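Written out below as structure tokens is the structure these notes cover.
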Amino acid sequence: MRILVVEDEPDLSRALRQALEEEGFACDVATDGETAAFDLESWDYDAVCLDLMLPGCDGRTLLARLRERKPTPVLVLTARDALDDKVALLDAGADDYLTKPFELAELIARLRALIRRAANRPEPALAFGEVRVDTVARAVTRRGRPVALSPKEYAIVEYLARHRGELVTRTMIYGHVYDEREDTLSNVVDVYVSNIRRKLGRDFVRTRRGAGYIVDA
Ligand code: CA
């Protein structure tokens, strides 16, 4: 899952990136409104953490522009605690908000909940025959036994699991599993998928030649 953090306070944006990456998210950081607008245009993020007070552009304006085009879940980070502001934010298309200061663990739990809701998969664990994907523990079991996956393998499994029954292209995987600082080669995803098949069974991921992958059609 790939998250955009829009936050101009360096200490906070660094802490958010570190916490998100530790939790297995790919994370891009934008520290001003123009960069954030460009990133939101360029990528389909799985969720956005949006600070309201930004140089160059107000967070509200970014939210309004995003809502004209994309349903990306948005968690607003706000220093304000007036009730009117919160109501106005939700009315403007924010999906949730956190008032600063907040606990990183709460931010991550709320982001996960937003991503689950956006995928119409409110349940935190997903079952595929003998394979079970627990998106809270970020753990995969096969026939009840834990399966060791690398962070990228897990990220791909979770992305495919959240889109079960849908054709997932390599481009979609690149857009959601890697951040903008990572170099990617087109055959790397194939290597990860072949490792995933070896660990979770050949039938877990099916390949549509020249198109992409599909889980649980
Ligand atoms: Ca700010």
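The values are calculated or read from the model by the stated rules, or taken from the named source; none is laboratory data. Treat the numbers as computed from the prediction; the structure is a model and nothing was measured. Please note: Cβ atoms are built from the backbone with ideal geometry, for glycine as well, and neighbour counts cover all protein chains shown. Keep in mind that these areas ignore ligands, DNA and RNA; they rest on the heavy atoms of the full protein, side chains included. Shrake-Rupley method; radii C 1.70, N 1.55, O 1.52, S 1.80 Å.
At a 1.4 Å probe radius, carbon and sulfur cover how many percent of the accessible area of the chain?
C and S atoms contribute 50 percent here.
Please state the relative contact order of the chain as a whole percent: Cα pairs under 8 Å, 6+ residues apart?
Worked out over the chain, it gives 17 percent.
Excluding residues on the same chain fewer than 8 positions from K86, give the lysines whose Cα lies under 28 Å from its Cα.
K70, K100
Local charge sum around Y174 (other residues, Cβ-Cβ under 14 Å, Lys/Arg +1, Asp/Glu -1)?
-4
For K199, which lysines qualify as cross-link partners when the Cα separation must be under 21 Å and same-chain residues fewer than eight apart are set aside?
Leaving aside lysines fewer than 8 places away in the same chain, those within reach of K199 are K152.
Per residue of the stretch 40-46, what does 6.51 cos²θ - 1.76 cosθ + 1.60 with θ = phi - 60° give for ³J(HN,Hα)? Whole Hz please, x for Gly and Pro, Karplus curve as stated.
5, 6, 7, 10, 9, 6, 7
Which value results for Rg/Rh of the stretch 1-80 when Rg is the Cα radius of gyration and Rh the Kirkwood radius based on the inverse mean 1/r?
0.93
Assuming 0.890 mPa s and 25 °C, estimate D for the chain with Stokes-Einstein, Rh taken as the Kirkwood radius over Cα pairs, in µm²/s.
It diffuses with D of about 136 µm²/s by this estimate.
So if I restrict to the alpha-carbon atoms in the stretch 125-214, what is the Rg, and what is Dmax, the biggest pairwise distance, in Å?
Calculated on Cα positions, Rg and Dmax stand at 12.4, 36 Å.
Can you tell me the accessible area per residue over the stretch 125-214, all protein chains present, probe 1.4 angstrom, in square angstrom?
52
Would you mind counting up the charge near Y192? Only other residues with Cβ under 12 Å from its Cβ, with Lys and Arg at +1 and Asp and Glu at -1.
Neighbour charge sum, excluding Y192 itself: +3.
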